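Working notes for the structure below.
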Amino acid sequence: MARSDWLRTFIAIYRTRSITEAARFRGISQSAASQQLIGLEKAIGTSLFVRNSLGVEPTESGKSLYFQTAQALDKIEMVLADLETGTIKSNDLTIRIGTTAEFFSAVVLDKVAKTDLKVIARFGQESELIELLEQGELDLVIVSTNPIKKSITSTLIDQTSFVLVANKVLFPKNQLSSIEQLYGWVHQKSWLSYSLELPITRKFWQTAFSVPFNANVVFVAPDLRAVLESVEKGMGISLLPTYICSQSLSLGKIKQIFPVGKLVPSQYWFGCMRQVDTNRMHIQSFLELLKTKNL
């Protein structure tokens, strides 16, 4: 396995085109610099330089390794220098977060506002975000499925339930007091959804009514905020997670049709980071900030 001091020596050699000059810059002997280069070449299985009359010249493998590592190591050196001089500040720290746009807006953004961190957010499919995390392109990923991977550690940060909602216009005139009454009312209504697959809705329908989903889907948008707005506008009814609709409920823009919390499995959210990053305290601190108190 390549060591960071080998990489630092490699970068010094690359920039000076001389093992002697690189050793002087690194404050080590020429022999030590040569041994570190040999160790790195053995670790990755290829030559990184060729000798010529003027010193050394990088191979194509050497050029590739330099462009993959130089910028990252330079940033580390800058942080270490700041730590030694005591000039590093919390607002100099950056965290790259990946999650859904809806969860970020409804939950994560409020936590970000309570820190001095610089934040770079990225939204996408959970599998894509986990892959970016493994590649080191993201520092923290928040997903609803716990990834079982040796390179990743995950922490349960939130648990959300679902609410069956409509606006005041569509709300049933008489209170629904049973599952049978709910089915008689709800199956005739227009349905609004996040996706055509309706995995959570279909599971609820089967559990509550013991029949396949048979409502009329009139609106599908891959953004829960758009689905919520369509409910507020009276376009139909929907089953929404509390983190999206709690504010709208409290403001009276929409109402709960019937309590279905026990009929719909809760959705769990996990904060994931790489095992190699577990000692990065600003990521760990932000992860703790995200945790719901009752978990």
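Here are a few things to note about the model shown:
- Selection within the range 268-288 - touching a residue at least 60 places away in the same chain (Cβ under 8 Å), open to solvent by 40 Å² or more (accessible area, probe 1.4 Å) and not in a helix (DSSP H, G or I): 268, 274, 278, 280
- Residue within the range 128-139 that is touching a Leu at 6+ places or on another chain (Cβ under 6 Å), in contact (Cβ under 8 Å) with a residue 12 or more places away in the chain, outside any helix (DSSP H, G or I) and more than 25 Å from residue 247 (Cβ to Cβ) present: yes
- Check on residue 26, open to solvent by 20 Å² or more (accessible area, probe 1.4 Å), within 21 Å of residue 136 (Cα to Cα) and in contact with a Lys or Arg (Cβ under 8 Å, 6 or more places away or on another chain): no
- Counted residues, the range 181-215 - those being more than 14 Å from residue 239 (Cα to Cα) and either touching a Lys or Arg at 6+ places or on another chain (Cβ under 9 Å) or hydrophobic (A, V, I, L, M, F, W, C) (or both): 4
- Scanning the range 272-292 turns up no residue that is of a type in the set (Phe, Trp, Tyr) and modelled with pLDDT of 95 or more.
- Entry remark, the range 124-140: residues being surrounded by 19 or more Cβ atoms within 10 Å (Cβ to Cβ) and of a type outside the set (D, E, K, R) number 5 in total.
- In the range 233-260, the residues that are among the hydroxyl-bearing types (Ser, Thr, Tyr) reach residues that are open to solvent by less than 10 Å² (accessible area, probe 1.4 Å) and part of a loop (DSSP other than H, G, I, E, B) with C-beta atoms within less than 7 angstrom, at least six apart or across chains, in these pairs: 248/254.
- Among the residues listed as 173, 189, the single one being of a type in the set (D, E, K, R), touching a residue at least 24 places away in the same chain (Cβ under 8 Å) and over 30 Å from residue 277 (Cβ atoms): 189
- Any hit, the range 109-123, residues being part of a loop (DSSP other than H, G, I, E, B), modelled with pLDDT of 90 or more, open to solvent by 60 Å² or more (accessible area, probe 1.4 Å) and in contact with a Lys or Arg (Cβ under 7 Å, 6 or more places away or on another chain): no
- When we screen 34, 47 for residues that are surrounded by fewer than 19 Cβ atoms within 10 Å (Cβ to Cβ) and in a helix (DSSP H, G or I), the only hit is 34.
- Subset of the range 65-85 (residues that are farther than 13 Å from residue 11 by Cβ and either open to solvent by less than 70 Å² (accessible area, probe 1.4 Å) or modelled with pLDDT of 90 or more (or both)): 79, 81, 82
The values are calculated or read from the model by the stated rules, or taken from the named source; none is laboratory data. Quick caveat: nothing in here was measured; it's all calculated off a predicted structure. Here Cβ is always computed from backbone atoms with ideal geometry, including for glycine, and neighbour counts include all displayed protein chains. Note: accessible area is taken over every heavy atom of the protein model, side chains too, but ligands, DNA and RNA are not part of it. Shrake-Rupley method; radii C 1.70, N 1.55, O 1.52, S 1.80 Å.
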